[in-house]
(Lines give C-alpha, C1' and ligand atoms only; values in the text may rest on other atoms or scores of the structure.)
Protein backbone atom coordinates (compact mmCIF):
# COMPACT_ATOMS: atom_id res chain seq x y z
CA UNK A 1 0.00 0.00 0.00
CA UNK A 2 1.01 3.62 -0.27
CA UNK A 3 2.17 5.78 2.64
CA UNK A 4 0.63 6.20 6.08
CA UNK A 5 -1.16 9.41 5.13
CA UNK A 6 -2.82 7.61 2.20
CA UNK A 7 -3.86 4.69 4.41
CA UNK A 8 -5.48 7.00 6.96
CA UNK A 9 -7.27 8.99 4.27
CA UNK A 10 -8.45 5.89 2.40
CA UNK A 11 -9.85 4.46 5.64
CA UNK A 12 -11.59 7.73 6.45
CA UNK A 13 -9.60 7.96 9.67
CA UNK A 14 -7.23 10.40 11.36
CA UNK A 15 -3.51 9.75 11.64
CA UNK A 16 -2.61 10.59 15.26
CA UNK A 17 0.93 9.18 15.40
CA UNK A 18 3.61 8.01 13.01
CA UNK A 19 5.35 9.45 9.98
CA UNK A 20 2.78 10.35 7.28
CA UNK A 21 5.36 9.50 4.60
CA UNK A 22 6.11 6.03 6.02
CA UNK A 23 5.67 3.32 3.41
CA UNK A 24 2.32 1.62 3.87
CA UNK A 25 1.61 -1.86 5.27
CA UNK A 26 1.65 -5.07 3.26
CA UNK A 27 -1.68 -6.32 4.62
CA UNK A 28 -4.21 -5.90 7.44
CA UNK A 29 -4.96 -8.28 10.30
CA UNK A 30 -7.69 -8.33 12.93
CA UNK A 31 -6.07 -10.85 15.28
CA UNK A 32 -3.22 -9.38 17.31
CA UNK A 33 -1.67 -12.85 17.59
CA UNK A 34 -1.07 -12.82 13.84
CA UNK A 35 0.41 -9.32 13.77
CA UNK A 36 4.00 -8.84 12.70
CA UNK A 37 6.23 -6.62 10.63
CA UNK A 38 4.36 -4.92 7.81
CA UNK A 39 0.90 -5.57 9.26
CA UNK A 40 -1.78 -3.00 9.98
CA UNK A 41 -3.70 -4.19 13.03
CA UNK A 42 -7.40 -3.30 12.87
CA UNK A 43 -9.21 -3.40 16.20
CA UNK A 44 -12.80 -4.45 15.52
CA UNK A 45 -15.55 -4.00 18.08
CA UNK A 46 -17.36 -7.33 18.49
CA UNK A 47 -20.42 -8.38 20.44
CA UNK A 48 -18.34 -9.57 23.39
CA UNK A 49 -14.96 -7.85 23.05
CA UNK A 50 -13.29 -4.75 21.67
CA UNK A 51 -10.33 -5.73 19.53
CA UNK A 52 -8.76 -2.32 20.05
CA UNK A 53 -7.71 -3.52 23.53
CA UNK A 54 -5.09 -5.70 21.86
CA UNK A 55 -3.54 -2.94 19.76
CA UNK A 56 -0.53 -2.52 22.05
CA UNK A 57 0.19 -6.24 21.84
CA UNK A 58 0.16 -5.99 18.06
CA UNK A 59 2.51 -3.01 18.09
CA UNK A 60 4.81 -4.78 20.54
CA UNK A 61 4.93 -7.70 18.09
CA UNK A 62 6.24 -5.33 15.41
CA UNK A 63 3.03 -4.38 13.61
CA UNK A 64 3.32 -1.54 11.10
CA UNK A 65 0.54 0.36 12.85
CA UNK A 66 -2.94 0.23 14.35
CA UNK A 67 -6.39 1.31 13.22
CA UNK A 68 -8.57 1.65 16.33
CA UNK A 69 -11.33 3.67 17.93
CA UNK A 70 -10.58 7.31 18.88
CA UNK A 71 -10.32 6.74 22.65
CA UNK A 72 -7.93 3.81 22.25
CA UNK A 73 -5.94 5.72 19.64
CA UNK A 74 -5.40 8.60 22.07
CA UNK A 75 -4.28 6.17 24.76
CA UNK A 76 -1.71 4.65 22.39
CA UNK A 77 -0.39 8.13 21.57
CA UNK A 78 -0.21 9.06 25.24
CA UNK A 79 1.73 5.84 25.87
CA UNK A 80 4.33 7.00 23.36
CA UNK A 81 3.40 5.09 20.20
CA UNK A 82 5.71 5.97 17.32
CA UNK A 83 4.17 3.63 14.75
CA UNK A 84 1.18 4.91 12.74
CA UNK A 85 -1.96 5.11 14.86
CA UNK A 86 -5.16 5.79 12.92
CA UNK A 87 -8.38 6.71 14.71
CA UNK A 88 -11.80 5.80 13.31
CA UNK A 89 -15.25 5.90 14.83
CA UNK A 90 -16.17 2.69 12.95
CA UNK A 91 -13.19 0.44 12.31
CA UNK A 92 -15.18 -2.16 10.35
CA UNK A 93 -16.39 0.53 7.96
CA UNK A 94 -12.84 1.88 7.78
CA UNK A 95 -11.52 -1.59 6.90
CA UNK A 96 -13.97 -1.84 4.01
CA UNK A 97 -13.18 1.67 2.78
CA UNK A 98 -9.45 0.94 2.85
CA UNK A 99 -10.00 -2.29 0.89
CA UNK A 100 -12.09 -0.50 -1.72
CA UNK A 101 -9.38 2.14 -2.14
CA UNK A 102 -6.70 -0.55 -2.52
CA UNK A 103 -8.84 -2.34 -5.10
CA UNK A 104 -8.80 0.90 -7.11
CA UNK A 105 -5.04 1.26 -6.68
CA UNK A 106 -4.50 -2.26 -7.96
CA UNK A 107 -6.45 -1.40 -11.10
CA UNK A 108 -7.33 -5.06 -11.53
CA UNK A 109 -10.53 -6.76 -12.53
CA UNK A 110 -12.77 -8.36 -9.92
CA UNK A 111 -15.02 -11.43 -10.04
CA UNK A 112 -17.59 -11.76 -7.28
CA UNK A 113 -18.78 -15.33 -6.65
CA UNK A 114 -21.85 -16.29 -4.64
CA UNK A 115 -24.40 -19.08 -4.58
CA UNK A 116 -26.33 -21.34 -2.25
CA UNK A 117 -23.83 -24.18 -2.52
CA UNK A 118 -20.50 -24.80 -4.21
CA UNK A 119 -19.35 -21.18 -4.26
CA UNK A 120 -16.10 -21.89 -2.42
CA UNK A 121 -15.15 -24.76 -4.72
CA UNK A 122 -16.14 -22.72 -7.77
CA UNK A 123 -13.96 -19.86 -6.53
CA UNK A 124 -11.06 -22.28 -6.12
CA UNK A 125 -11.60 -23.79 -9.58
CA UNK A 126 -11.90 -20.37 -11.23
CA UNK A 127 -8.65 -19.20 -9.63
CA UNK A 128 -6.93 -22.33 -10.96
CA UNK A 129 -8.33 -21.79 -14.47
CA UNK A 130 -7.10 -18.19 -14.55
CA UNK A 131 -3.70 -18.70 -12.92
CA UNK A 132 -1.81 -19.73 -16.10
CA UNK A 133 -3.05 -16.59 -17.86
CA UNK A 134 -2.89 -13.79 -15.28
CA UNK A 135 -1.93 -12.88 -11.74
CA UNK A 136 -4.77 -14.10 -9.50
CA UNK A 137 -5.58 -13.45 -5.85
CA UNK A 138 -8.52 -15.18 -4.12
CA UNK A 139 -10.05 -15.55 -0.67
CA UNK A 140 -8.30 -17.89 1.70
CA UNK A 141 -10.58 -20.59 3.06
CA UNK A 142 -13.84 -18.91 4.16
CA UNK A 143 -12.68 -15.29 4.10
CA UNK A 144 -15.93 -14.30 2.44
CA UNK A 145 -17.63 -11.96 4.93
CA UNK A 146 -17.60 -8.22 5.64
CA UNK A 147 -14.34 -8.89 7.50
CA UNK A 148 -12.72 -11.61 5.42
CA UNK A 149 -13.37 -10.05 2.02
CA UNK A 150 -11.63 -6.72 2.71
CA UNK A 151 -8.75 -8.57 4.40
CA UNK A 152 -8.44 -10.63 1.20
CA UNK A 153 -8.29 -7.53 -0.99
CA UNK A 154 -5.68 -5.95 1.28
CA UNK A 155 -3.48 -9.04 0.94
CA UNK A 156 -3.32 -8.65 -2.85
CA UNK A 157 0.07 -7.61 -4.17
CA UNK A 158 0.69 -4.87 -6.76
CA UNK A 159 0.59 -6.46 -10.19
CA UNK A 160 -2.48 -8.55 -9.42
CA UNK A 161 -4.58 -8.84 -12.58
CA UNK A 162 -7.78 -10.26 -11.13
CA UNK A 163 -9.34 -10.75 -7.71
CA UNK A 164 -11.61 -13.79 -7.38
CA UNK A 165 -13.76 -13.00 -4.36
CA UNK A 166 -16.26 -15.35 -2.79
CA UNK A 167 -19.18 -13.51 -1.18
CA UNK A 168 -21.20 -15.10 1.62
CA UNK A 169 -24.60 -14.10 2.95
CA UNK A 170 -27.08 -15.13 5.60
CA UNK A 171 -29.58 -12.33 5.10
CA UNK A 172 -30.64 -9.40 3.01
CA UNK A 173 -28.18 -6.59 2.31
CA UNK A 174 -25.03 -8.59 2.98
CA UNK A 175 -24.09 -9.27 -0.65
CA UNK A 176 -24.74 -5.59 -1.37
CA UNK A 177 -22.32 -4.64 1.42
CA UNK A 178 -19.61 -6.85 -0.06
CA UNK A 179 -20.27 -5.67 -3.62
CA UNK A 180 -19.90 -2.07 -2.46
CA UNK A 181 -16.38 -2.90 -1.24
CA UNK A 182 -15.28 -5.12 -4.13
CA UNK A 183 -17.07 -3.36 -7.02
CA UNK A 184 -17.03 -6.49 -9.23
CA UNK A 185 -16.66 -6.43 -12.99
CA UNK A 186 -18.12 -9.94 -13.20
CA UNK A 187 -20.79 -11.31 -10.88
CA UNK A 188 -21.17 -15.11 -10.79
CA UNK A 189 -24.16 -16.73 -9.07
CA UNK A 190 -23.47 -20.47 -8.97
CA UNK A 191 -27.00 -21.52 -8.00
CA UNK A 192 -29.99 -20.71 -5.81
CA UNK A 193 -31.38 -23.18 -3.29
CA UNK A 194 -33.08 -23.61 0.09
CA UNK A 195 -30.51 -22.11 2.46
CA UNK A 196 -30.85 -19.55 5.26
CA UNK A 197 -34.62 -20.05 5.23
CA UNK A 198 -34.68 -19.49 8.98
CA UNK A 199 -33.87 -15.83 8.33
CA UNK A 200 -35.23 -15.27 4.82
CA UNK A 201 -38.35 -17.41 4.89
CA UNK A 202 -38.70 -18.27 1.20
CA UNK A 203 -36.44 -19.37 -1.62
CA UNK A 204 -37.60 -16.31 -3.59
CA UNK A 205 -36.10 -14.07 -0.91
CA UNK A 206 -32.92 -16.17 -1.00
CA UNK A 207 -32.73 -15.53 -4.75
CA UNK A 208 -33.30 -11.80 -4.25
CA UNK A 209 -30.54 -11.64 -1.64
CA UNK A 210 -28.11 -13.43 -3.97
CA UNK A 211 -29.23 -11.19 -6.85
CA UNK A 212 -28.00 -8.12 -5.00
CA UNK A 213 -24.76 -9.02 -6.78
CA UNK A 214 -26.49 -8.50 -10.14
CA UNK A 215 -28.31 -5.38 -8.99
CA UNK A 216 -25.14 -3.66 -7.84
CA UNK A 217 -22.90 -4.38 -10.84
CA UNK A 218 -21.90 -1.28 -12.79
CA UNK A 219 -23.53 -0.84 -16.22
CA UNK A 220 -21.59 -2.78 -18.83
CA UNK A 221 -20.38 -5.40 -16.34
CA UNK A 222 -21.13 -9.10 -16.79
CA UNK A 223 -23.58 -11.28 -14.89
CA UNK A 224 -22.90 -15.03 -15.04
CA UNK A 225 -25.95 -17.08 -14.03
CA UNK A 226 -27.36 -20.61 -14.37
CA UNK A 227 -29.30 -21.13 -17.59
CA UNK A 228 -33.04 -21.38 -17.06
CA UNK A 229 -32.99 -20.31 -13.40
CA UNK A 230 -36.46 -18.81 -13.11
CA UNK A 231 -35.74 -17.40 -9.66
CA UNK A 232 -33.16 -15.03 -11.14
CA UNK A 233 -35.00 -13.96 -14.29
CA UNK A 234 -36.65 -10.94 -12.68
CA UNK A 235 -33.25 -9.71 -11.46
CA UNK A 236 -31.44 -9.68 -14.82
CA UNK A 237 -30.62 -6.29 -16.35
CA UNK A 238 -30.57 -5.05 -19.91
CA UNK A 239 -27.52 -2.86 -19.28
CA UNK A 240 -25.35 -5.88 -18.35
CA UNK A 241 -23.84 -8.58 -20.48
CA UNK A 242 -25.38 -11.84 -19.29
CA UNK A 243 -23.63 -15.18 -19.71
CA UNK A 244 -25.66 -18.30 -18.94
CA UNK A 245 -24.06 -21.62 -18.08
CA UNK A 246 -25.31 -25.17 -17.77
CA UNK A 247 -27.65 -27.20 -20.01
CA UNK A 248 -28.99 -24.95 -22.74
CA UNK A 249 -26.68 -22.09 -21.80
CA UNK A 250 -23.95 -20.13 -23.56
CA UNK A 251 -21.38 -22.26 -21.69
CA UNK A 252 -22.25 -25.93 -21.30
CA UNK A 253 -20.70 -29.35 -20.77
CA UNK A 254 -20.45 -31.45 -23.92
CA UNK A 255 -18.80 -34.50 -22.39
CA UNK A 256 -16.93 -35.76 -19.34
CA UNK A 257 -15.08 -39.05 -19.32
CA UNK A 258 -12.02 -40.31 -17.47
CA UNK A 259 -11.32 -36.88 -16.02
CA UNK A 260 -11.49 -35.11 -19.38
CA UNK A 261 -14.13 -32.42 -19.75
CA UNK A 262 -15.13 -30.84 -23.03
CA UNK A 263 -16.99 -27.57 -22.52
CA UNK A 264 -18.51 -25.40 -25.21
CA UNK A 265 -17.91 -21.80 -24.19
CA UNK A 266 -19.73 -19.72 -26.75
CA UNK A 267 -17.55 -20.08 -29.85
CA UNK A 268 -14.66 -21.70 -27.99
CA UNK A 269 -14.19 -25.40 -27.36
CA UNK A 270 -12.52 -25.83 -23.96
CA UNK A 271 -10.84 -29.12 -23.12
CA UNK A 272 -9.76 -29.67 -19.52
CA UNK A 273 -8.17 -32.42 -17.47
CA UNK A 274 -9.84 -32.40 -14.07
CA UNK A 275 -8.39 -33.94 -10.88
CA UNK A 276 -11.90 -34.74 -9.62
CA UNK A 277 -14.95 -36.58 -10.92
CA UNK A 278 -17.82 -35.43 -8.71
CA UNK A 279 -20.78 -34.30 -10.79
CA UNK A 280 -21.20 -31.21 -8.66
CA UNK A 281 -17.59 -30.11 -9.13
CA UNK A 282 -17.82 -30.74 -12.87
CA UNK A 283 -20.87 -28.45 -12.83
CA UNK A 284 -18.91 -25.92 -10.77
CA UNK A 285 -16.18 -26.09 -13.42
CA UNK A 286 -18.68 -25.15 -16.13
CA UNK A 287 -19.69 -22.12 -14.03
CA UNK A 288 -16.03 -21.20 -13.55
CA UNK A 289 -15.33 -21.51 -17.29
CA UNK A 290 -18.25 -19.13 -17.93
CA UNK A 291 -16.71 -16.57 -15.56
CA UNK A 292 -13.31 -17.04 -17.19
CA UNK A 293 -14.91 -16.46 -20.60
CA UNK A 294 -16.36 -13.20 -19.28
CA UNK A 295 -12.77 -12.13 -18.62
CA UNK A 296 -11.70 -13.16 -22.12
CA UNK A 297 -9.84 -16.28 -20.95
CA UNK A 298 -10.22 -19.67 -22.65
CA UNK A 299 -8.56 -22.16 -20.25
CA UNK A 300 -7.14 -25.46 -21.38
CA UNK A 301 -5.18 -28.46 -20.16
CA UNK A 302 -4.85 -29.76 -16.63
CA UNK A 303 -6.56 -27.85 -13.85
CA UNK A 304 -4.30 -27.74 -10.80
CA UNK A 305 -6.81 -26.75 -8.15
CA UNK A 306 -6.27 -26.66 -4.41
CA UNK A 307 -9.63 -26.75 -2.67
CA UNK A 308 -10.27 -24.97 0.59
CA UNK A 309 -10.20 -27.27 3.61
CA UNK A 310 -13.06 -29.54 4.72
CA UNK A 311 -14.62 -29.51 1.27
CA UNK A 312 -14.56 -32.93 -0.29
CA UNK A 313 -11.14 -33.86 1.11
CA UNK A 314 -10.41 -37.52 0.48
CA UNK A 315 -8.60 -39.10 3.43
CA UNK A 316 -7.23 -42.65 3.26
CA UNK A 317 -7.26 -44.20 6.72
CA UNK A 318 -5.15 -47.09 7.92
CA UNK A 319 -6.94 -50.33 7.21
CA UNK A 320 -8.18 -49.44 3.75
CA UNK A 321 -11.05 -47.09 4.69
CA UNK A 322 -11.63 -44.03 2.50
CA UNK A 323 -13.25 -40.96 4.08
CA UNK A 324 -14.66 -38.02 2.15
CA UNK A 325 -14.34 -35.15 4.62
CA UNK A 326 -16.95 -32.66 3.38
CA UNK A 327 -17.99 -31.23 6.71
CA UNK A 328 -17.54 -27.50 6.22
CA UNK A 329 -21.23 -26.96 5.61
CA UNK A 330 -24.41 -28.59 4.38
CA UNK A 331 -27.77 -27.75 2.87
CA UNK A 332 -30.31 -29.87 0.94
CA UNK A 333 -28.59 -29.21 -2.40
CA UNK A 334 -25.06 -30.04 -1.32
CA UNK A 335 -26.19 -33.00 0.78
CA UNK A 336 -28.02 -34.51 -2.17
CA UNK A 337 -25.01 -34.05 -4.43
CA UNK A 338 -22.63 -35.59 -1.89
CA UNK A 339 -24.85 -38.63 -1.29
CA UNK A 340 -25.30 -39.22 -5.01
CA UNK A 341 -21.54 -39.17 -5.48
CA UNK A 342 -21.08 -41.54 -2.54
CA UNK A 343 -23.60 -43.95 -4.05
CA UNK A 344 -21.82 -43.86 -7.42
CA UNK A 345 -18.35 -44.43 -5.94
CA UNK A 346 -16.87 -47.95 -5.89
CA UNK A 347 -16.76 -49.39 -2.37
CA UNK A 348 -17.47 -52.54 -0.37
CA UNK A 349 -19.93 -50.55 1.76
CA UNK A 350 -21.01 -46.93 1.72
CA UNK A 351 -21.37 -45.18 5.07
CA UNK A 352 -22.88 -41.71 5.53
CA UNK A 353 -22.07 -39.85 8.75
CA UNK A 354 -24.48 -36.92 8.62
CA UNK A 355 -24.96 -33.96 10.91
CA UNK A 356 -27.94 -31.68 10.71
CA UNK A 357 -28.52 -28.96 8.12
CA UNK A 358 -28.92 -25.67 9.95
CA UNK A 359 -30.98 -22.54 9.23
CA UNK A 360 -33.76 -24.25 7.27
CA UNK A 361 -36.58 -22.79 9.33
CA UNK A 362 -39.89 -24.53 9.91
CA UNK A 363 -39.39 -26.80 6.89
CA UNK A 364 -36.16 -28.18 8.37
CA UNK A 365 -37.63 -31.53 9.47
CA UNK A 366 -39.10 -32.10 6.00
CA UNK A 367 -35.77 -31.37 4.30
CA UNK A 368 -34.03 -33.80 6.67
CA UNK A 369 -36.60 -36.53 6.00
CA UNK A 370 -36.14 -36.04 2.26
CA UNK A 371 -32.40 -36.54 2.60
CA UNK A 372 -32.98 -39.65 4.71
CA UNK A 373 -35.30 -40.99 2.02
CA UNK A 374 -32.69 -40.23 -0.63
CA UNK A 375 -30.00 -42.09 1.31
CA UNK A 376 -32.35 -45.06 1.52
CA UNK A 377 -33.24 -44.92 -2.18
CA UNK A 378 -29.57 -44.68 -3.17
CA UNK A 379 -28.77 -47.81 -1.21
CA UNK A 380 -26.45 -46.25 1.34
CA UNK A 381 -25.44 -49.19 3.53
CA UNK A 382 -25.04 -47.46 6.90
CA UNK A 383 -26.36 -44.12 8.10
CA UNK A 384 -24.93 -42.46 11.21
CA UNK A 385 -26.86 -39.40 12.37
CA UNK A 386 -25.03 -36.91 14.58
CA UNK A 387 -26.91 -34.60 16.93
CA UNK A 388 -30.54 -33.81 17.59
CA UNK A 389 -31.21 -31.96 14.35
CA UNK A 390 -30.08 -35.01 12.36
CA UNK A 391 -32.58 -37.36 14.02
CA UNK A 392 -35.12 -36.64 11.29
CA UNK A 393 -32.93 -38.37 8.70
CA UNK A 394 -33.82 -41.64 10.40
CA UNK A 395 -37.55 -41.18 9.83
CA UNK A 396 -37.17 -42.11 6.15
CA UNK A 397 -34.16 -44.45 6.22
CA UNK A 398 -34.73 -48.20 6.32
CA UNK A 399 -31.14 -49.45 6.34
CA UNK A 400 -28.54 -50.01 9.04
CA UNK A 401 -28.96 -46.99 11.31
CA UNK A 402 -26.87 -45.58 14.17
CA UNK A 403 -27.66 -42.38 16.07
CA UNK A 404 -25.08 -40.54 18.19
CA UNK A 405 -25.01 -37.28 20.08
CA UNK A 406 -21.84 -35.61 18.83
CA UNK A 407 -18.84 -35.82 16.54
CA UNK A 408 -16.64 -37.57 19.08
CA UNK A 409 -19.19 -40.37 19.47
CA UNK A 410 -19.41 -40.63 15.69
CA UNK A 411 -15.64 -40.97 15.45
CA UNK A 412 -15.58 -43.73 18.08
CA UNK A 413 -18.41 -45.57 16.32
CA UNK A 414 -16.67 -45.27 12.98
CA UNK A 415 -13.57 -46.92 14.44
CA UNK A 416 -15.76 -49.87 15.44
CA UNK A 417 -17.83 -50.39 12.31
CA UNK A 418 -15.61 -49.28 9.39
CA UNK A 419 -14.03 -52.14 7.46
CA UNK A 420 -11.46 -52.38 4.65
CA UNK A 421 -12.95 -51.20 1.38
CA UNK A 422 -15.58 -48.98 2.98
CA UNK A 423 -16.13 -45.42 1.76
CA UNK A 424 -17.39 -42.92 4.33
CA UNK A 425 -19.00 -39.54 3.72
CA UNK A 426 -18.80 -37.08 6.63
CA UNK A 427 -21.05 -34.08 6.09
CA UNK A 428 -23.12 -31.62 8.10
CA UNK A 429 -23.53 -27.94 8.87
CA UNK A 430 -20.53 -26.15 10.32
CA UNK A 431 -22.16 -25.83 13.73
CA UNK A 432 -22.03 -29.62 14.20
CA UNK A 433 -18.21 -29.61 14.11
CA UNK A 434 -17.90 -32.90 12.22
CA UNK A 435 -14.20 -32.28 11.54
CA UNK A 436 -13.78 -33.82 14.98
CA UNK A 437 -14.93 -37.20 13.64
CA UNK A 438 -11.42 -37.78 12.30
CA UNK A 439 -9.64 -36.22 15.27
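The values are calculated or read from the model by the stated rules, or taken from the named source; none is laboratory data. Bear in mind that the values here come from a model prediction, so they are computed numbers and not experimental data. Positions of Cβ are backbone-derived with ideal geometry, glycine not excepted, and every protein chain shown enters the neighbour counts.
Odds and ends about this structure:
- When 318, 347, 298, 291 are screened for being surrounded by 21 or more Cβ atoms within 10 Å (Cβ to Cβ) and either under 27 Å from residue 421 (Cα atoms) or in contact with a strand residue (DSSP E or B) (Cβ under 9 Å, 6 or more places away or on another chain) (or both), only 291 passes.
- Flag if residue 195 is over 17 Å from residue 120 (Cα atoms), surrounded by 19 or more Cβ atoms within 10 Å (Cβ to Cβ), in the same structural domain as residue 282 (by TED's automatic domain parsing) and in contact (Cβ under 8 Å) with a residue 40 or more places away in the chain: no
- Hey, residue 12 modelled with pLDDT of 95 or more, closer than 24 Å to residue 105 by Cα and out of contact with any helix residue (DSSP H, G or I) (no Cβ under 8 Å at 6 or more places or on another chain) or not: no
- Restricting the stretch 210-227 to residues that are assigned to a loop (DSSP other than H, G, I, E, B) and either touching a strand residue (DSSP E or B) at 6+ places or on another chain (Cβ under 6 Å) or not assigned by TED's automatic domain parsing to the domain that holds residue 167 (or both), the residue that is farthest from residue 109 (Cα to Cα): 227
- Taken as a whole, the stretch 129-140 holds at least one residue that is touching a helix residue (DSSP H, G or I) at 6+ places or on another chain (Cβ under 8 Å), in a helix (DSSP H, G or I) and buried (at least 20 other Cβ atoms within 10 Å of the Cβ).
- Among the numbered conditions (1) at pLDDT below 95; (2) under 26 Å from residue 223 (Cα atoms); (3) over 16 Å from the mean Cα position of the chain (by Cα), the only one that residue 254 does not meet is (1).
- Whenever a residue of the stretch 143-172 is in the same structural domain as residue 195 (by TED's automatic domain parsing) and on the phi > 0 side of the Ramachandran plot, its partners that are in a loop (DSSP other than H, G, I, E, B) and at pLDDT 95 or above, lying with C-beta atoms within less than 7 angstrom and at least six residues away or across chains, give the pairs 159/135.
- Of all residues in the stretch 114-128, those that are part of a loop (DSSP other than H, G, I, E, B) and within 17 Å of residue 222 (Cβ to Cβ) total 1.
- Spans of strands (runs of 3 or more DSSP E) in the stretch 339-425 with at least 1 residues more than 20 Å from residue 324 (Cβ to Cβ) and free of Cβ contacts under 8 Å to residues at least 24 places away in the same chain: 400-404
- Subset of the stretch 147-171 [surrounded by fewer than 18 Cβ atoms within 10 Å (Cβ to Cβ) and modelled with pLDDT of 95 or more]: 147, 157, 158, 159, 161
- Residue among 239, 258 that alone is assigned by TED's automatic domain parsing to the domain that holds residue 178 and under 23 Å from residue 276 (Cα atoms): 258
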